[in-house]
Amino acid sequence: QVQLVESGGGLVQPGGSLRLSCAASGSIFTIYGMGWYRQAPGKQRELVAAISKGGSTNYADSVKGRFTISRDNAKNTVYLQANSLKPEDTAVYYCNADITYYTGSTYSRDNYWGQGTQVTVSS
(Lines give C-alpha, C1' and ligand atoms only; values in the text may rest on other atoms or scores of the structure.)
Protein backbone atom coordinates (compact mmCIF):
# COMPACT_ATOMS: atom_id res chain seq x y z
CA GLN A 1 0.00 0.00 0.00
CA VAL A 2 3.01 2.31 0.30
CA GLN A 3 5.94 2.73 -2.05
CA LEU A 4 9.13 4.78 -1.91
CA VAL A 5 10.67 5.62 -5.26
CA GLU A 6 14.13 7.19 -5.49
CA SER A 7 15.65 9.12 -8.36
CA GLY A 8 18.65 11.30 -9.10
CA GLY A 9 21.58 8.94 -8.83
CA GLY A 10 24.30 8.67 -11.45
CA LEU A 11 27.95 9.12 -12.30
CA VAL A 12 29.64 12.33 -11.18
CA GLN A 13 33.22 13.54 -11.03
CA PRO A 14 34.94 14.23 -7.70
CA GLY A 15 33.90 17.64 -6.44
CA GLY A 16 30.60 17.47 -8.27
CA SER A 17 27.03 17.50 -6.99
CA LEU A 18 23.90 15.39 -7.17
CA ARG A 19 20.38 15.80 -5.85
CA LEU A 20 18.55 12.65 -4.81
CA SER A 21 14.78 12.55 -4.45
CA CYS A 22 12.50 10.00 -2.80
CA ALA A 23 8.75 10.19 -3.21
CA ALA A 24 6.34 8.20 -1.07
CA SER A 25 2.99 7.15 -2.53
CA GLY A 26 -0.03 5.13 -1.49
CA SER A 27 -2.67 5.43 1.22
CA ILE A 28 -0.46 7.58 3.41
CA PHE A 29 -1.82 9.18 6.55
CA THR A 30 1.37 10.50 8.17
CA ILE A 31 5.08 10.30 7.44
CA TYR A 32 7.26 10.58 10.51
CA GLY A 33 11.06 10.39 10.23
CA MET A 34 12.67 10.09 6.80
CA GLY A 35 16.26 9.35 5.99
CA TRP A 36 18.93 8.38 3.52
CA TYR A 37 21.22 5.41 3.98
CA ARG A 38 23.99 4.09 1.78
CA GLN A 39 25.76 0.81 1.24
CA ALA A 40 29.10 0.48 -0.49
CA PRO A 41 30.35 -2.87 -1.82
CA GLY A 42 31.54 -5.09 1.00
CA LYS A 43 30.34 -2.67 3.68
CA GLN A 44 27.34 -2.44 5.96
CA ARG A 45 24.48 -0.09 5.26
CA GLU A 46 25.00 3.19 7.12
CA LEU A 47 22.92 6.23 7.94
CA VAL A 48 23.82 9.28 5.86
CA ALA A 49 21.21 11.80 7.03
CA ALA A 50 17.82 11.88 8.70
CA ILE A 51 15.05 14.42 9.12
CA SER A 52 12.10 14.41 11.50
CA LYS A 53 8.54 15.38 10.63
CA GLY A 54 9.22 18.76 12.19
CA GLY A 55 12.43 19.30 10.24
CA SER A 56 15.15 18.42 12.75
CA THR A 57 18.16 16.91 11.01
CA ASN A 58 21.21 14.83 11.80
CA TYR A 59 24.11 13.75 9.62
CA ALA A 60 26.89 11.22 9.55
CA ASP A 61 30.21 12.89 10.40
CA SER A 62 31.57 11.93 6.99
CA VAL A 63 29.02 14.09 5.14
CA LYS A 64 28.54 17.04 7.50
CA GLY A 65 28.98 20.33 5.68
CA ARG A 66 28.68 18.65 2.26
CA PHE A 67 25.21 17.02 2.24
CA THR A 68 21.86 18.57 3.07
CA ILE A 69 18.65 16.68 3.73
CA SER A 70 15.26 18.35 3.32
CA ARG A 71 11.65 17.33 2.89
CA ASP A 72 8.44 18.61 1.34
CA ASN A 73 5.60 17.27 3.48
CA ALA A 74 2.97 18.39 0.95
CA LYS A 75 4.64 16.19 -1.70
CA ASN A 76 5.61 13.33 0.65
CA THR A 77 9.13 13.71 -0.67
CA VAL A 78 12.58 13.79 0.89
CA TYR A 79 15.69 15.16 -0.82
CA LEU A 80 19.42 14.79 -0.39
CA GLN A 81 21.61 17.50 -1.87
CA ALA A 82 25.11 16.06 -2.10
CA ASN A 83 27.93 18.53 -2.83
CA SER A 84 31.71 18.22 -2.97
CA LEU A 85 31.35 14.54 -3.69
CA LYS A 86 34.28 12.22 -3.05
CA PRO A 87 35.07 8.76 -4.43
CA GLU A 88 34.33 7.33 -0.98
CA ASP A 89 30.72 8.53 -1.35
CA THR A 90 30.24 5.90 -4.03
CA ALA A 91 27.44 3.57 -2.91
CA VAL A 92 23.84 2.58 -3.42
CA TYR A 93 21.71 5.16 -1.64
CA TYR A 94 18.46 4.05 -0.04
CA CYS A 95 15.53 6.11 1.16
CA ASN A 96 13.80 5.13 4.40
CA ALA A 97 10.58 6.36 5.98
CA ASP A 98 8.39 5.66 8.97
CA ILE A 99 4.79 5.84 7.74
CA THR A 100 1.27 5.46 9.01
CA TYR A 101 -1.09 4.37 6.25
CA TYR A 102 -4.72 3.43 5.80
CA THR A 103 -5.30 -0.29 5.15
CA GLY A 104 -8.89 0.09 4.03
CA SER A 105 -10.31 -0.64 7.43
CA THR A 106 -7.82 0.74 9.93
CA TYR A 107 -4.50 2.52 10.22
CA SER A 108 -1.15 0.80 10.50
CA ARG A 109 2.41 2.01 10.93
CA ASP A 110 5.46 0.50 9.31
CA ASN A 111 9.00 1.25 8.14
CA TYR A 112 9.68 1.34 4.41
CA TRP A 113 12.73 1.25 2.14
CA GLY A 114 13.15 2.40 -1.43
CA GLN A 115 14.74 0.25 -4.10
CA GLY A 116 18.03 2.15 -4.03
CA THR A 117 19.81 4.42 -6.49
CA GLN A 118 23.45 4.10 -7.49
CA VAL A 119 25.80 7.03 -6.92
CA THR A 120 29.26 6.69 -8.44
CA VAL A 121 31.94 9.33 -7.91
CA SER A 122 34.81 8.83 -10.30
CA SER A 123 36.97 10.71 -12.77
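Of the residues D110, D89, D72, the one with the largest accessible area comes first in the ranking D110, D72, D89, computed with a 1.4 Å probe on protein heavy atoms.
Cβ-Cβ distance of K64 and Y107, R₀ of 41 Å, FRET efficiency by 1/(1 + (r/R0)^6): the value works out to about 0.70. Working from label points 7 Å from Cα in the Cα-to-Cβ sense, the T30 to S7 distance is 2.9 nm.
For the range 34-48 versus the range 7-31, the spacing of their alpha-carbon centroids is 14 Å.
The residues of the chain have, on average, 52 Å² of accessible surface per residue, using a 1.4 Å probe with all protein chains present. Straight-line cross-link partners of K75 among the lysines, defined as a Cα under 19 Å from its Cα and at least 8 positions apart when in the same chain: K53. Here the chain has 46 percent of its accessible surface on carbon and sulfur atoms, given a 1.4 Å probe and all protein chains in place.
The values are calculated or read from the model by the stated rules, or taken from the named source; none is laboratory data. From a predicted model like this one, the values you see are computed outputs, not experimental measurements. Using ideal geometry, Cβ is built from the backbone for each residue, glycine included, and neighbour counts are taken over all protein chains shown. Heads up: the accessible areas ignore ligands, DNA and RNA and are worked out on the full protein's heavy atoms, side chains in. Shrake-Rupley method; radii C 1.70, N 1.55, O 1.52, S 1.80 Å.
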